[in-house]
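Trainee: One structure coming up, written as C-alpha cells, with questions to follow.
Every number in this text was worked out from the coordinates using simple rules, so none of it is lab data. Please read all numbers here as calculations on a predicted model, not as lab measurements. Quick reminder, even Gly has a Cβ in these numbers, built from the backbone with ideal geometry, and neighbours come from all protein chains shown.
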Amino acid sequence: MANDPAGTPPLLLTPGPLTTAAATRAAATRDWGSRETDFIELTARLRRRLADLAGGDDLVAVPIQGSGTFAVEAMLGSMVPAEGRVLILINGAYGKRMAEICRRIGRAYRKIECAEDQAPDAKSLDRALHADPSITHVAVVHVETTSGILNPLEDIAAVTARHGRRLLIDAMSAFGALALDVNRVKFDAVAASSNKCLEGLPGISFVIAPKDVLSDAAGRAPSLAFDLHDQWRGFEANGQWRFTPPTQIVAALDVALDLLDAEGGIVARHRRYQANLDTLRAGMTGLGFRPYLPEALSAPIIATFHPLPNNSFEFNAFHRGLLDRGFAIYPGKLTAVPSFRVGCIGQVFPADMQRFVDAVSALI
Ligand SMILES: *Cc1c(COP(=O)(O)O)cnc(C)c1O
C-alpha cells in the first residue's frame, strides 16, 4: 500500500517535505550530544556551507529550529526595527504570510499586491519607494510556491538598492536550486529551510545575512526564541545552539549538502529540476491539461495546472487515485480558480515525472 507507513512511501511531488536520498535519511539514525565537540564542529561546518551557497565571505548563516515560517518570522522581527516600515510585494499566499507576521509582531508594513499569475513589477516598486521615504525595507518571495511563479529578484534588488532601502527575501522554495548570490542580488537577509531544494529533512530553517547587518540587529526582535542576533551571538560565543537543536536533522542536512556538491552544485540541481518540469509540462499538456503559468514565468519548483475542461474534477478522488499509484501531489493554493499542483523538487528525476504522467493518463 502506497500510504502504509511500513511499506514504500509515495514519491512526494510536493513543495516539501520531499522525497529524500537514503543517505540523507540514514544520517539521522545516530544520537549526538549537542554540547560535544563533534556536534559543535558539525554545526560550524553546516553554517559555513549554507553561507557559501549564497556567495559571500562576509555572510553568516543563522540556523533556527523549526519550519520555514519560523525563519521568515525571525527575519522580519530581527531585521526590521520597531520604527521601520516594510513594503511587501505580494502575488500569493507566502507574500500574504509575511504581511500577517508583520501584523502579529507589530511591524509597520505596506503592500503592493498583484494577481497570482503576475510577477511584481519593478516600476511600481520604484514609484512606491519614491512616494514613501518612510519605507526602510522591501520584502519579497523568490519563487511564490502558491503558483510556482518566479519573481524578478534581480530587478527588485536593483530598484531597492538604488533607493537605499534594504531587501529581505523569502527564498524558501528556491534556495539550493536557483542561484542567489549576494554579489548579484544585494540583500540584507535571505530565509530558507532544510527540507526544500536542499533536499534535507524537515526541522531546520535558516537566515543568511551579512555580518554587519546581523550586528546592527541587536535588541530588535520582539521575541526571545526568534531573535536572530541572539541566536548568532550564541553560535559565535561557544559554537552551540541556544536551545535544544534537532541534532539528527542537522546531521542529515550536512549529508544532503554533500549530495548537492556531488550532483554538481546549484547549477546541476537547477538543470535536473528544469528537466523534471519540462517532462511534466510536456506530458500534462499532451493529456490536455493547461498549465496555469506561461513557460517564461514558471520556476522549476512546482507547477500548477487547471483541471481538464468538461471533466467534473474532484481533487480528493484525483489525489487518492494518484496515491494508489505511488504519487503524492498537493491541492491548488490559488484564491481565484480550482487547480492542483505537482512539485518538481527532491530526489525526483525526469523518468519519475514521465511515470507520473502515465499514472495521470490512466486516471482520466
Ligand atoms: C514552504 C515555504 C515557506 C515555509 O513554509 P513552512 O511550512 O513553514 O516550512 C515559506 N515561504 C515559501 C515561499 C515556501 O515555499
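Trainee: For segment 255-354, report the % of Cα-Cα distances exceeding 20 Å.
Mentor: Result: 41 percent of Cα pairs exceed 20 Å.
Trainee: I would also like to ask the following. Using amide H atoms built 1.01 Å from N in the peptide plane, name the residues 5+ places from residue 112, or on other chains, whose amide H lies under 5 Å from its own.
Mentor: 88, 89, 90
Trainee: For a quick check: sort 325, 184 by the number of other beta carbons within 10 angstrom, fewest at the front.
Mentor: Neighbour counts put them in this order, fewest first: 184, 325.
Trainee: Sticking with this structure for a sec: Over the Cα atoms, compute the radius of gyration (one decimal) and Dmax (the largest Cα-Cα distance, rounded to a whole number) for segment 270-313, in Å.
Mentor: For segment 270-313, the Cα-based Rg and Dmax read 11.0, 36 Å.
Trainee: Considering every Cα-Cα pair within segment 39-181, what fraction, in whole percent, is farther apart than 20 Å?
Mentor: 48
Trainee: Moving on. How long are the semi-axes of the equivalent ellipsoid of segment 75-149, defined as square roots of 5 times the Cα gyration tensor eigenvalues? Whole Å, largest first.
Mentor: Values: eigenvalues 80, 50, 14 Å².
Each semi-axis is √(5λ); the values are 20, 16, 8 Å.
Trainee: Given Cα positions, please report Rg to Rh for segment 4-87, the hydrodynamic radius being the Kirkwood one.
Mentor: For segment 4-87, the value is 1.06.
Trainee: ³J(HN,Hα) across segment 180-196 via Karplus (A = 6.51, B = -1.76, C = 1.60, θ = phi - 60°), whole Hz, x for Gly/Pro?
Mentor: With the stated coefficients, segment 180-196 comes to 9, 10, 4, 6, 10, 10, 6, 10, 8, 6, 10, 10, 8, 9, 6, 9, 10 Hz.
Trainee: To continue, here is another question. Looking at segment 107-206, I'd like the Rg to Rh ratio, where Rg is from alpha-carbon atoms and Rh is Kirkwood's inverse mean 1/r.
Mentor: Taking Rg over the Kirkwood Rh, I get 0.97.
Trainee: Continuing with the same structure: Report Rg(Cα)/(2.2 N^0.38 Å) for segment 300-348, keeping two decimals.
Mentor: 1.17
Trainee: Can you check what the Kirkwood hydrodynamic radius comes to for segment 181-239, Cα pairs only, in Å to one decimal?
Mentor: 12.9
Trainee: Also: Quick one: what Rg and Dmax do you get for the chain from the alpha carbons, in Å?
Mentor: Considering the chain through its Cα atoms, Rg and Dmax are 20.4, 63 Å.
Trainee: If you don't mind, there's one more thing I want to ask. Find out how many positive minus negative residues lie around residue 277, taking Lys and Arg as positive, Asp and Glu as negative, among other residues whose Cβ is under 13 Å from that of residue 277. Before the final figure, lay out each step's value.
Mentor: Numbers: positive: 269, 271, 272, 281, 341; negative: 278, 295, 352.
Result for the neighbourhood of residue 277: +2.
Trainee: When averaged across all projection directions, what area in nm² does the alpha-carbon convex hull of segment 115-157 cover? Let's see the in-between values first.
Mentor: On the way: hull surface 12.7 nm².
Directional mean of the projected Cα hull area for segment 115-157 stands at 3.2 nm².
Trainee: Using the crude model of +1 on Lys and Arg Cβ and -1 on Asp and Glu Cβ, and no other charge, please compute the dipole size for the chain relative to its Cα centre, in debye to 20.
Mentor: Magnitude of the dipole: close to 580 debye.
Trainee: Set the Förster distance to 56 Å, then compute FRET efficiency between residue 315 and residue 36 from the Cβ-Cβ distance, nearest 0.05.
Mentor: Rounded to the nearest 0.05, the efficiency is 0.75.
Trainee: Given the options 24, 61, 40, identify the residue whose Cα lies farthest towards the positive end of the charge dipole of segment 23-63 (+1 on Cβ of Lys, Arg; -1 on Cβ of Asp, Glu).
Mentor: So the residue we want is 24.
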